[in-house]
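The values are calculated or read from the model by the stated rules, or taken from the named source; none is laboratory data. Here the structure is a predicted model, which is why all the values come from computation and not from measurement. No Cβ is skipped: glycine too gets one built from the backbone with ideal geometry, and neighbour counts run over all protein chains shown. Protein only, heavy atoms only, side chains kept; ligands, DNA and RNA dropped before computing areas. Shrake-Rupley method; radii C 1.70, N 1.55, O 1.52, S 1.80 Å.
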Amino acid sequence: MSIHFFNTLSRQLEEFVPLDPARRTVRMYTCGPTVYNYAHIGNFRAYIFEDLLQRHLEARGFDVLRAMNLTDVDDKTIRGARTAQKRLNDFTQIYKDAFFEDLGALRIKRASHFPAATEPQHIERMIAMIRELESKEIAYQAEDKSVYFRLSKFPDYGKLAHLNLDELRPTGRIRNDDYEKEAIGDFALWKAWDEEDGEVKWDSPWGPGRPGWHIECSAMATALLGPELDIHCGGVDNIFPHHEAEIAQSECCTGKKFVRYWMHCAHLMVEGQKMSKSLGNFYTLRDLLAKGWTGREIRYALLTVNYRLPLNFTFAGLDGARAALARLDEWTERLAEYAGPQAPEPTPLASAREQFFAALDDDLNISGAMGHLFVLIRDSNAAMDARTLTEAQAAQLLADWQQMNSVLALERDAQVIPAEVMGLVEQRQQARAAKDWKKSDALRDEILKLGWVVKDTKDGPKLTPK
């Protein structure tokens with residue numbers, strides 16, 4: 001068994017071999033949210049891809065040590081706090097709390113660390129890294145009192161994004177956190193305080209100011225995971241300038257290769273168009289939950305397209321996710337009833353489990369993996385219909401599903417059946433016992449209006465959410 005991932009740096013599929021293969025530890029850094037607003041579904045497309053990656057590595061026996069940063073000081077957060085007339089920490093805390101709630105709704109595993117850029121120990125490390133770069137004449141303080149990274153000192157700059165600096169002929173300096181390839185230039189490591197920053201500033205050898213966005217991730221990643229990482233993830237929009245800058249800063253400080261495998265997910269569109277507030281197709285997770293979709297359904301829709309392909313998010317796709325999950329629920333419930341308390345025993349259908357994981361070994365081929373799962377559902381349903389599947393074999397398939405679901409996290413939400421519904425079910429049972437079929441049908445319709453489907457089985461009525 002070998003795992004292969006597409007490395008953005010080489011533009012090739014490469015076999016995954018961690019830095020510490022004996023201990024099977026994977027050091028992984030994932031770019032987290034800038035907490036100036038609620039995270040949108042484009043953000044969560046990236047976070048769910050990273051969740052799938054971590055879960056698959058763990059299913060294959062690796063111990064994943066992952067850090068995901070929280071950018072709580074940058075141009076956007078300062079501007080947002082000023083507009084809201086709040087202190088920066090009070091403003092960003094609203095969206096930090098919301099982010100963790102959203103992670104729970106989407107069943108995204110918590111990282112080992114969630115460092116925030118404004119934590120004192122991280123500010124200290126950022127300053128220390130900038131001083132190290134300054135001592136090597138790679139960083140310099142300019143006339144505006146800000147400190148910049150001298151691009152001419154790092155000839156490999158641009159290799160991740162496959163840019164030719166000779167053609168671009170970079171000139172000048174760039175103080176903004178984010179910028180386009182056409183505006184390439186020496187980027188800010190430390191920004192001198194100005195009036196728009198208000199109370200947001202820290203003392204430094206260069207005067208009061210704040211860190212640039214790029215140095216924040218370099219400092220936090222190397223502090224928590226060490227100078228060399230196995231995997232660094234993000235969206236394709238992070239490749240330039242952010243990840244290019246991280247490589248330059250980190251490698252100039254440590255003298256070591258910063259990251260072995262760079263993995264980036266493609267953009268998300270909505271109904272075939274770029275997501276935009278002006279187009280009215282900009283959705284946060286909360287917007288979709290308010291429309292009646294569940295976190296589980298949204299997870300399915302964001303999960304089941306290969307991470308390197310653009311994802312066209314549609315409401316028809318959410319309908320499809322709901323239908324697919326209903327089919328999955330029906331299958332797992334049927335298997336559980338069919339298997340009973342039997343101990344598992346081998347079945348030829350169990351090969352689907354290894355086919356599922358083998359697909360994920362191939363650069364997280366989730367569409368291939370889900371294809372194997374739904375073939376298993378079809379074939380095992382047919383075997384149960386024909387009574388050619390034994391109860392013990394059904395138990396084995398349930399165990400196989402649990403292993404696959406350790407990666408997917410698509411199990412049905414725990415349901416609490418309201419007392420009103422249970423009372424109607426009991427009345428319906430009494431009507432059926434009295435052969436009052438008209439009343440039984442009326443009660444079934446009442447139960448359905450309350451959001452539950454009742455199904456009569458040999459073991460009594462079974463309730464499932466509509």
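So if I check each of LYS76, LYS96, which one is among the basic types (Lys, Arg) and touching a Ser or Thr at 6+ places or on another chain (Cβ under 9 Å)?
LYS76
Can you find even one residue in segment 256-274 that is more than 21 Å from LEU103 (Cα to Cα), of a type in the set (D, E, K, R), at pLDDT 95 or above and in a helix (DSSP H, G or I)?
no
For residues that are modelled with pLDDT of 95 or more, over 33 Å from the mean Cα position of the chain (by Cα) and of a type in the set (Asp, Glu), scanning just segment 105-146, find the one that is farthest from TYR95 (Cα to Cα).
Selected residue: GLU137.
May I ask you to list pairs of residues, at least six apart or on different chains, whose Cβ atoms are under 6 Å apart, with the first in segment 323-350 being within 15 Å of ASP400 (Cα to Cα) and the second being of a type in the set (Ser, Thr, Tyr)?
LEU349/SER380
Of all the residues that make up segment 452-466, how many are under 15 Å from GLU420 (Cα atoms) and free of Cβ contacts under 8 Å to residues at least 24 places away in the same chain?
Final tally of qualifying residues: 1.
Condition first: in a loop (DSSP other than H, G, I, E, B), modelled with pLDDT of 95 or more and open to solvent by less than 70 Å² (accessible area, probe 1.4 Å). Now tell me which residues in segment 279-291 satisfy that.
Selection gives TYR283 alone.
Show the residue pairs that are 6+ apart or on different chains and have beta-carbon atoms under 7 Å apart, the first residue being within segment 278-305 and free of Cβ contacts under 8 Å to residues at least 12 places away in the same chain, the second being outside any loop (DSSP other than H, G, I, E, B).
LEU279/GLN273; ASN281/VAL270; ASN281/GLN273
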